[in-house]
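Peer 1: Here's a structure for you.
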């Protein structure tokens with residue numbers, strides 16, 4: 001499932017320990033990202049915006065990293081997401097997002 | 001400015017009463033939505049996702065309505081945004097988003 | 001599904017319009033509330049605590065009402081939930097919870 | 001007071017430096033956890049749910065750890081709390097909760 | 001207690017029904033607002049900022065109204081609080097705050 | 001701009017990479033902190049309260065540190081801010097704030 005990619009390690013443990021819950025999450029994940037009109041990439045950009053907006057650094061990093069690795073989302077596209085975050089959620093959320101993006105791009 | 005559209009009445013008062021702040025917000029708004037790579041519509045979808053994610057019903061409604069009126073965003077596209085909200089922010093945020101969308105579409 | 005009870009109307013629309021998503025949510029809902037050790041009532045009390053903690057009045061009311069109607073949760077039990085909300089999330093969340101509880105009990 | 005247990009070090013400093021505030025917090029804490037109907041363990045599970053729901057990793061860890069050490073809450077019981085967190089607050093909160101739980105159980 | 005003023009009706013019910021909890025809250029309230037260095041008015045402005053920042057319209061309105069009625073906080077002072085809210089929490093929080101302030105001042 | 005002080009490194013990168021956005025933020029920042037009635041120090045205390053209230057440790061630390069370094073805000077004044085945080089946002093936010101303040105004061 002698409003989710004396995006970005007929740008990798010955590011989901012492996014859920015799969016082993018809580019197989020029924022895992023199946024439900026996998027099925028939900030499929031339904032979520034098989035939207036009828038928006039493509040997967042746009043949905044990932046929305047996910048980045050949501051995670052960054054609440055200063056959730058773990059989730060933001062995972063979403064940014066997987067979007068860049070799997071979907072070839074560029075740094076500039078993520079910055080355009082963070083512009084919206086700035087307007088809707090303020091400077092601290094924007095700053096944290098920019099810092100996390102720098103960490104990810106400098107890893108390469 | 002693009003913002004005037006969806007923060008209409010509120011921004012009019014800010015413009016009259018706090019002209020310096022208004023200028024700054026207008027300028028920020030321009031910078032935010034003149035992203036280099038993502039188009040305005042994608043940025044609006046991100047804004048809907050952020051607002052819906054935190055159960056902010058006023059902002060969610062404004063963003064949904066203006067995206068439908070100005071940018072011809074469809075109901076199905078907003079539902080695809082709400083799918084992401086469901087996965088990242090849970091059932092209450094998803095439910096509220098669906099309810100607000102119904103209110104807006106039944107106004108027409 | 002248990003969920004249908006408290007997300008009644010909203011979920012009916014999801015079922016008609018988005019059957020695949022509905023199936024996933026129903027399945028997830030089953031997995032969530034078929035915990036291995038905690039009973040359904042304890043899980044509902046936790047749900048009330050979470051909803052009240054973030055001042056989400058719609059979700060809080062739904063959770064309170066369904067817990068009282070279906071599971072015979074008492075007013076005193078909900079007040080004990082709200083005590084925890086007070087300590088972890090402060091006065092505004094506690095006050096709103098108490099007010100919503102009063103609204104529900106005075107409906108009867 | 002019960003609170004001293006899980007807010008240990010921090011509360012010691014408050015006690016020395018801000019004795020009046022400490023007394024108030026201790027008194028509030030007593031009132032909160034001396035609920036009339038729910039037992040202390042159920043209230044602690046609610047506290048875990050609230051903390052995990054807002055991705056507050058410090059508070060979540062404290063609550064999880066103290067509930068396991070003092071009240072013999074089991075890993076499976078905490079997982080049942082996190083199931084509710086998943087439904088009400090989404091995947092990132094659930095994932096973080098599972099990860100923190102793993103950290104705590106692997107410490108032993 | 002100072003709190004009775006702005007949590008008026010709600011606190012009356014708590015006093016009658018949950019006298020022990022009421023005493024604890026009253027005591028905490030005293031400790032909070034008897035800070036050693038900041039005056040009560042500054043603390044109220046901080047409370048407005050916190051409430052407005054999380055789009056908690058009930059709490060924001062209560063804090064605004066009581067600060068204006070009891071402490072002669074002016075509209076311009078509250079606007080200066082909302083400026084900080086704009087920078088730290090974004091446009092939706094700022095807009096809601098401005099709208100609530102308008103509602104309160106037009107009541108007079 | 002005043003902002004450069006406390007968002008130092010992050011803002012430098014924004015200035016180089018996104019000059020238009022930087023100008024807008026700088027202008028907004030000026031408008032925010034050039035309030036008509038409240039002084040800069042009071043506005044900073046409000047900013048500390050907002051950041052601490054949502055357990056945003058990065059932003060809280062930045063705001064605390066810059067307020068102490070630039071504006072000679074004292075430890076006792078920040079504690080008085082955290083008292084309000086305790087009442088409005090609960091123990092976890094208060095505890096985290098106290099811990100961050102200890103880290104900053106022990107750096108000196």
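Peer 1: Would you point out which residue out of F:100, F:38, F:71, F:18 is without any contact (Cβ under 8 Å) to a residue 40 or more places away in the chain and surrounded by 21 or more Cβ atoms within 10 Å (Cβ to Cβ)?
Peer 2: Of the residues listed, the single one that is without any contact (Cβ under 8 Å) to a residue 40 or more places away in the chain and surrounded by 21 or more Cβ atoms within 10 Å (Cβ to Cβ) is F:38.
Peer 1: Moving on to the next point. Of the conditions (1) under 23 Å from residue A:64 (Cβ atoms); (2) at pLDDT 95 or above, residue D:96 clears all except one; give me its number.
Peer 2: Of everything listed in (1) under 23 Å from residue A:64 (Cβ atoms); (2) at pLDDT 95 or above, residue D:96 misses just condition (2).
Peer 1: Determine if segment A:15-22 includes at least one residue that is farther than 26 Å from residue F:25 by Cβ and not in a helix (DSSP H, G or I).
Peer 2: yes
Peer 1: Taking the options E:79, E:25, name whichever one is within 8 Å of another protein chain (Cβ to nearest Cβ) and at pLDDT 95 or above.
Peer 2: Details: E:25 fails: at pLDDT 95 or above.
Answer to the check: E:79.
Peer 1: Could you please let me know if residue A:103 is more than 8 Å from every other protein chain (Cβ to nearest Cβ) and within 15 Å of the chain's Cα centre (by Cα)?
Peer 2: No; evaluated as a whole, the condition is false for this residue.
Peer 1: Determine whether segment C:52-61 contains at least one residue that is modelled with pLDDT under 95, under 11 Å from the mean Cα position of the chain (by Cα) and either at the interface with chain D (Cβ under 10 Å from one of its Cβ atoms) or farther than 27 Å from residue F:88 by Cβ (or both).
Peer 2: The answer is yes; a qualifying residue exists.
Peer 1: Check whether at least one residue in segment F:2-14 is closer than 20 Å to residue E:48 by Cα and free of Cβ contacts under 8 Å to residues at least 40 places away in the same chain, and report yes or no.
Peer 2: No, segment F:2-14 contains no residue that is closer than 20 Å to residue E:48 by Cα and free of Cβ contacts under 8 Å to residues at least 40 places away in the same chain.
Peer 1: Going through segment F:82-99 one residue at a time, which ones are at the interface with chain E (Cβ under 9 Å from one of its Cβ atoms) and within 12 Å of residue D:14 (Cα to Cα)? Give the derivation first.
Peer 2: If we filter segment F:82-99 for residues that are at the interface with chain E (Cβ under 9 Å from one of its Cβ atoms), which is where we start, we get F:83-89.
Correct list: F:83 only.
The values are calculated or read from the model by the stated rules, or taken from the named source; none is laboratory data. The structure presented is a predicted model; accordingly, all values stated were derived computationally and were not measured. Cβ: placed from backbone, ideal geometry, glycine included. Neighbour counts: every protein chain shown.
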